[in-house]
1. Provide the per residue accessible area, probe 1.4 Å, for the chain, rounded to a whole number of square angstrom.
2. Show Trp34, Trp84 ordered by accessible area, largest first, where the area counts protein heavy atoms only and the probe is 1.4 Å.
3. Near Lys114, which aspartates and glutamates are there with a Cα under 19 Å away, not counting those fewer than 8 places off in the same chain?
4. List the residue ranges in the chain for DSSP H helices whose C-alpha atoms run 24 angstrom or more along the long axis and whose Kyte-Doolittle average is 0.5 or above.
5. How large a share of the accessible area of the chain, in percent, is made up of carbon and sulfur atoms when the probe is 1.4 Å and the other protein chains stay in place?
6. Starting with the highest mean, order 89-95, 26-32 by the number of other Cβ atoms within 10 Å, averaged over the residues of each peptide.
Amino acid sequence: MARLDFDFHARTRRPGNIAIVLALAGVLALGLSWNALQTARMREAGLDLQIAALERTPLRPVARQAAAQDAAIPRVLAQLAYSWQPAFAALAAARSDKIALVALDGSQAKSQLKLVAEARRLADAVDFVDALQRQPAVKRAALFQHEVQADTAQQPVRVSIVVELES
C-alpha cells in the first residue's frame, strides 16, 4: 500500500505584495484622519477662547451705536421721501428774465427755501417776490436783505429771499 502523508498543520503563507500595500494605505489613512481630528479640536478650542473673550467685553457701546443708527433711519427715510417738486414748480412759474438765481438752499425740517438772487433793480426783485407769493405751493415769500453791488458796472441788486412752503 501506498503511504498517505496527511499534514494537518498547514504552513503559514507569507502575505502578498498587494496585501502589504493595502495595509500601508490603511495606516496612512488612519494617520491623516487622526491629524484632521486633532486640528479640528484645536480650532474648536481656539474658537471657544474667542467666544469667552467676546462674552467678557461690555456690549453697551455697541448697543448705543445701534440705537443711534436706528433712530436716524426714520429721519433719513423722511428726507428721501420729501418732494421738492412743488417748490421747483413755484420757482419755475415765478421765473423772470430780470432775475438771476445765484444760490438756493432748502431746509426740509423748516419746509423753506432760502434764495440769493440778483436783479437789475430793486423793483424787479420785489415783483419776483410777489410772483412767488402767488404760487399755490408757497405759504409766504419775503425779501429779507438787499445790497447794491457797486463793484460791477451795471450795479445789480443782490437780494436774500426766504420762501416758506405749504406742508
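The values are calculated or read from the model by the stated rules, or taken from the named source; none is laboratory data. Because the structure is a prediction, the values reported are computed rather than measured. Here Cβ is always computed from backbone atoms with ideal geometry, including for glycine, and neighbour counts include all displayed protein chains. Only protein heavy atoms, including side chains, enter the accessible area calculation; ligands, DNA and RNA are left aside. Shrake-Rupley method; radii C 1.70, N 1.55, O 1.52, S 1.80 Å.
1. Accessible area per residue: 81 Å².
2. Heavy-atom accessible area, descending, gives Trp34, Trp84.
3. Those aspartates and glutamates meeting the cut-off are Asp105, Asp124, Asp127, Asp130, Glu147, Glu164, Glu166.
4. Sorted by number, the helices that extend far enough and score high enough are 17-56.
5. 59
6. Ranked from most to least packed, the peptides come out as 89-95, 26-32.
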